[in-house]
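Taking it in order: structure first as structure tokens, then the write-up.
The values are calculated or read from the model by the stated rules, or taken from the named source; none is laboratory data. What you see is a predicted model, and the numbers here were worked out from it, not measured in a lab. Cβ atoms come from the backbone with ideal geometry, glycine included; neighbour counts cover every protein chain shown. Surface areas here come from the heavy atoms of the whole protein model, side chains and all, with no ligands, DNA or RNA. Shrake-Rupley method; radii C 1.70, N 1.55, O 1.52, S 1.80 Å.
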Amino acid sequence: MYEMGEQLERVILAGVQTYESDDTVQSLYELRELAETAGAVTVGTIMQSRETIHPATYLGKGKLEELKELLYDLDATGVICDDELSPAQLNNLEQELECKVMDRTMVILDIFAQRAKTSEGKIQVELAQLKYRAARLVGMRASLSRLGGGIGTRGPGEKKLEMDRRLIHSRIGQLKEQLEQVQKHRELIRSQRDKSQVKVAAIVGYTNAGKSTLLNTMTQAGVLEEDQLFATLDPTTRALDLPGKQQILLTDTVGFIRKLPHHLIEAFKSTLEEAKYADMILHVVDASNPQMDEHMQVVYDTLRQLGVSDKKVITLFNKQDLCTDKEQLRDFQADHVLQISAKNGQGLEELKELLAEVLREGQIYIERLIPYDQAGIIARIRRHGQVVQEEFLAEGISLKAYVPMEVYSRI
């Protein structure tokens, strides 16, 4: 974060639209939001249409000259490129433009460094930062000497920039060991959940789709809510009571985004894998965003990249309070679809009913007479299944219920 009185970086955004991509305009608009979230102000944008990105300088020679003039005319202090730059591209652009050069990955890492609060989150961010910086150390030293701080210098990795590569790789090894311990702890928690037989729903979605608001509204989790990209980073799990006295765990996950850096996906694998080990997926979509369809595709592509498949998917078209067009929204990759507003509670009771219904699909219907001296069985059924009807008779408790297969085998 910037201190009071600290001058904001004035940046120009640069993007290349190749013949293979047609979403560069939207991607640059998103990059503007990322830059703003990181603490910079965008003073100009430049875009070039090329067959491919220039391997040496990202932009072609003519556009570089145009960018140089823009930097002078707009009194800009840096440039942010919309793609991840190679070390050669970074160094060449530094020499050509004589200003600080950043890329999309650096900005996202910077935001993550600001938002990481837990020790796990800080380890993951520092690991991603160091892996990214190790290959670019020479260029980044030149870059930071020009501006002396700002985007790309915050977070746990800030003091590591002046290390030599040997020390950086040593630190990466230490962080990987720490992360392995964290991963073992996370796996232990998952195994305990499996033993408790409580089902888990992972909340996924594009960044700023309203995942944290949904978790807060349904479970009073108290997670930070802001109308910003990556407002929350660290995952939170809370229990939710459903109709029929069933219970399910809701787990929030880090938001997805276009061109999510592979360093982050690798570092946050244990966190992102919450979706892989969940019983079902709640896919939250910002229905008020014009890029809704593209955002949905990014989420599904990222889930496939993480190996998440064969899960029941409930797509929640959120922010209905902001939608003027009330058309019926569809997601052909989902098993169920609901239109909701996590902010004002619209559709959330229907969501609870749907969650209970989905849980019932994997359960067995039973009718039993439980003797009074075995009443503890009913408590187990209530905890893991759904009681439809119970009646107290002279000889015991007449029960109609849905129970999971694991519980059925024990009663």
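Here's a check for you: in the range 12-28, which residue that is buried (at least 16 other Cβ atoms within 10 Å of the Cβ) and out of contact with any helix residue (DSSP H, G or I) (no Cβ under 6 Å at 6 or more places or on another chain) is modelled with the lowest pLDDT? Show your work before the answer.
So in the range 12-28, the residues buried (at least 16 other Cβ atoms within 10 Å of the Cβ) come out as 12-17, 24, 27-28.
Those left that are additionally out of contact with any helix residue (DSSP H, G or I) (no Cβ under 6 Å at 6 or more places or on another chain): 14, 16, 24, 27-28.
Numbers: A14: 96, V16: 94, T24: 88, S27: 91, L28: 94.
Top of the filtered list is T24.
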(request) Select from the range 91-118 the residues that are touching a residue at least 60 places away in the same chain (Cβ under 8 Å), open to solvent by 10 Å² or more (accessible area, probe 1.4 Å) and in a helix (DSSP H, G or I) and list them in ascending order. (result) Q114, R115
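Which fully enclosed strands (runs of 3 or more DSSP E) of the range 357-411 have 2 or more residues being open to solvent by less than 90 Å² (accessible area, probe 1.4 Å) and within 19 Å of D241 (Cβ to Cβ)?
Where strands (runs of 3 or more DSSP E) fall fully within the range 357-411 and carry at least 2 residues being open to solvent by less than 90 Å² (accessible area, probe 1.4 Å) and within 19 Å of D241 (Cβ to Cβ), they are 386-393, 396-404.
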(request) Please tell me if L355 is out of contact with any strand residue (DSSP E or B) (no Cβ under 8 Å at 6 or more places or on another chain) and hydrophobic (A, V, I, L, M, F, W, C). (result) no
(request) Please state which of the following conditions E294 fails to meet, knowing it meets all the rest: (1) acidic (D, E); (2) open to solvent by less than 10 Å² (accessible area, probe 1.4 Å); (3) closer than 22 Å to D103 by Cβ. (result) (2)
(message) Quick check on A379: is it out of contact with any helix residue (DSSP H, G or I) (no Cβ under 9 Å at 6 or more places or on another chain) and of a type in the set (A, V, I, L, M)?
(response) yes
(message) Anything in the range 29-54 that is touching a Gly at 6+ places or on another chain (Cβ under 9 Å), assigned to a loop (DSSP other than H, G, I, E, B) and either free of Cβ contacts under 8 Å to residues at least 60 places away in the same chain or crowded, with 19+ Cβ neighbours inside 10 Å (or both)? List them, or say none.
(response) R50
(message) Looking only at residues that are crowded, with 20+ Cβ neighbours inside 10 Å and in a helix (DSSP H, G or I) in the range 65-90, which one is modelled with the lowest pLDDT?
(response) L90
(request) For E9, state whether it is of a type in the set (D, E) and open to solvent by 30 Å² or more (accessible area, probe 1.4 Å). (result) no
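Can you tell which of A356, A334, A342, A278 is small (G, A, S), under 24 Å from V403 (Cα atoms) and touching a Ser or Thr at 6+ places or on another chain (Cβ under 7 Å)?
Details: A356 fails: touching a Ser or Thr at 6+ places or on another chain (Cβ under 7 Å); A334 fails: under 24 Å from V403 (Cα atoms); A342 fails: under 24 Å from V403 (Cα atoms).
Exactly one of A356, A334, A342, A278 is small (G, A, S), under 24 Å from V403 (Cα atoms) and touching a Ser or Thr at 6+ places or on another chain (Cβ under 7 Å), namely A278.
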(request) Among what's in the range 243-252 and is modelled with pLDDT of 75 or more and open to solvent by 10 Å² or more (accessible area, probe 1.4 Å), pick the residue that is nearest to G307 (Cα to Cα). (result) L249
(request) Return the only residue of R238, R193 being part of a helix (DSSP H, G or I) and either out of contact with any Gly (no Cβ under 8 Å at 6 or more places or on another chain) or at pLDDT 85 or above (or both). (result) R193
(request) Scan the range 316-354 for residues that are of a type in the set (S, T, Y) and in contact with a Lys or Arg (Cβ under 9 Å, 6 or more places away or on another chain) and jot them down. (result) S341
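Being open to solvent by 20 Å² or more (accessible area, probe 1.4 Å), touching a Gly at 6+ places or on another chain (Cβ under 7 Å) and either without any contact (Cβ under 8 Å) to a residue 40 or more places away in the chain or closer than 20 Å to K352 by Cα (or both): is that true of D286 here? Step through it out loud before you land on a result.
Details: open to solvent by 20 Å² or more (accessible area, probe 1.4 Å): yes; touching a Gly at 6+ places or on another chain (Cβ under 7 Å): yes; either without any contact (Cβ under 8 Å) to a residue 40 or more places away in the chain or closer than 20 Å to K352 by Cα (or both): yes.
For D286, the condition - open to solvent by 20 Å² or more (accessible area, probe 1.4 Å), touching a Gly at 6+ places or on another chain (Cβ under 7 Å) and either without any contact (Cβ under 8 Å) to a residue 40 or more places away in the chain or closer than 20 Å to K352 by Cα (or both) - is met.
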